[in-house]
1. Can you give the extra length, in nm with one decimal, that the chain gains between Thr166 and Lys367 once fully stretched, where that is 0.36 nm per residue apart less the Cα-Cα distance?
2. Provide the gained length on full extension for the span Ala135 to Lys432, in nm with one decimal, where the gain is 0.36 nm per separating residue minus the Cα-Cα distance.
3. Using per-residue counts of other Cβ atoms within 10 Å, averaged over each peptide, order 284-294, 163-173 from highest down.
4. Among the listed pairs Lys142/Lys183; Lys176/Lys204; Lys121/Lys165, which have their C-alpha atoms separated by more than 25 angstrom in this model?
5. Near Cys422, within a Cβ-to-Cβ distance under 15 Å, what is the net charge of the other residues, with Lys and Arg +1 and Asp and Glu -1?
6. If you only keep lysine pairs separated by 8 or more in sequence, or across chains, how many in the stretch 389-443 come under 19 Å at the Cα atoms?
7. How many lysine pairs does the stretch 207-321 hold where the Cα atoms are under 30 Å apart and the two sit 8 or more places apart or on different chains?
8. What shape does the stretch 311-443 have by the C-alpha gyration tensor, where a ≥ b ≥ c are the square roots of the eigenvalues, rounded means a/c under 1.5, and otherwise prolate means a/b greater than b/c and oblate the rest?
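Values quoted throughout were computed directly from the atomic coordinates according to the rules given, and no laboratory measurement underlies them. In this text, all values refer to a predicted model and were calculated from it rather than measured experimentally. With ideal geometry, Cβ positions are generated from the backbone for all residues, glycine too; neighbour counts draw on all protein chains shown.
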Amino acid sequence: MARRPGAAPPPPQGSEEEYDEIFGEDAYDDYDEYDDYEDYEDEQGFEDEDRAEPERIEDERPDRQGPPPKKRKKKRALGWIAALTVLVLLAGGAYYGFTEIFGYDDYEGSGESDVLVQVQKGDSTSAIGNRLQAAGVVASGKAFVKAGEDNTAVSRLQQGYYVMKTKMSGASAVEKMTAPASKVGQVEIRPYTQFHDITQPDGKKTPGVYTLLSKASCADLNGTSTCIPVEELKKTIETADLAKLGVPSWAVEAATNAEHKDRRLEGLIAPGIFNVKPGWTAEELLTDVVKTSAERILNAGLSEQSKGEGKTPYETLTIASIIEREAVKADFGKISRVIYNRLDEKMRLEMDSTVNYVLDRPTLLTKPEEREKAGVYNTYKSVGLTPTPIAVPSAEAIQAALKPAAGEWLFFVKCEKNGLSCFTVTNDEHNKAKLDAQRRGVY
């Protein structure tokens, strides 16, 4: 038989005399404090109907099998209502979860009007789907995700800009986005490149930075071309505030004062891949490319605090560009040392690469009459460095300009067919190396 917590123990079966004889006359004294329990219930505000009128029970107990009080019936009914409510909520949640997992909105067809969508570095398939939905390409991100589940090309989508269409089905969006022609605005600028195109001996053109950026700006959006002509890029560079374009502070003055205004950014564009948005103005495009380049040049190790010994950061960049145009990577450190030694000795650099720079030609050889022409880039005639860099220098060329190899060399000549050079200290040694290389058909 259960009892309410805190109630006194039931009296023993037998007479009081027998109980007192067994347990002692004071057996109930410890429970006197519970006489106040009724007062406690009154203080807590219990209603009278919640309990029976107290009465002393001697030998009989209430029948526990009788019907429960009405109050308990009400509470049990409320419990059933609460349980049913929970079941309804669970059922609704299950339906919502089902639709979330298996149901989604989707358009039909291959789309309507052109729209640009940008994919950021590290975007997951879900993130790309959400970007497409925000741009109005697909009805839901899930439509794209589901359509691309079995397409491995989706997982290989790279950052950049894609020409898509509004209101495409998920399947159509996957098909178009993974098509190579949809990727626009991407350009790779390699070390050795200069701003102007280079004409090769066979007459073919090697595109320069101007041409590469102009081409990258192109896309056809709803019948309208976004291409920025080379001439517009040139004009912008000639007249722009270089500091606002993002040129490092240590290069602004020297680049601004360059004699050839359309070459003011030479060397300040770093190698690598750039993603430019078709539809940008020339200034917007150049600002994005220059700022990204400034960060890459800094990461390569060149800054106001880190520069070639006895040189400004801009002079160090110029040395790096000449190194890039004159040698293969294995010889970068030695070429750097030759340049530093000649500058220290107040010797002319006599680099064919600087002469050919303004002629927009490759760097291997020059003709005597070309070397006789005056000009600030003709290091056969002028002492010191060129007024600007002459090409896009790689991180390796920058490192070589910062830390040239140890040596006393003053001369070098290409002496191996794989591009390696022979380095010498005296002019006589240099002439012998040249004759030997020519005899072996190196050049």
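1. Values: separation 201, 0.36 × 201 = 72.36 nm, distance 5.84 nm.
Taking Thr166 through Lys367 to full extension adds about 66.5 nm, to one decimal.
2. 100.2 nm
3. 163-173, 284-294
4. Numbers: Lys142/Lys183 22 Å; Lys176/Lys204 34 Å; Lys121/Lys165 22 Å.
In this structure, Lys176/Lys204 exceed 25 Å between Cα atoms.
5. Every neighbour counted, the sum reads +1.
6. Values: Lys414/Lys432; Lys414/Lys434; Lys417/Lys432; Lys417/Lys434.
Taking the Cα cut-off of 19 Å, the pair count is 4.
7. Qualifying lysine pairs in the stretch 207-321: 28.
8. Here the stretch 311-443 falls in the rounded category.
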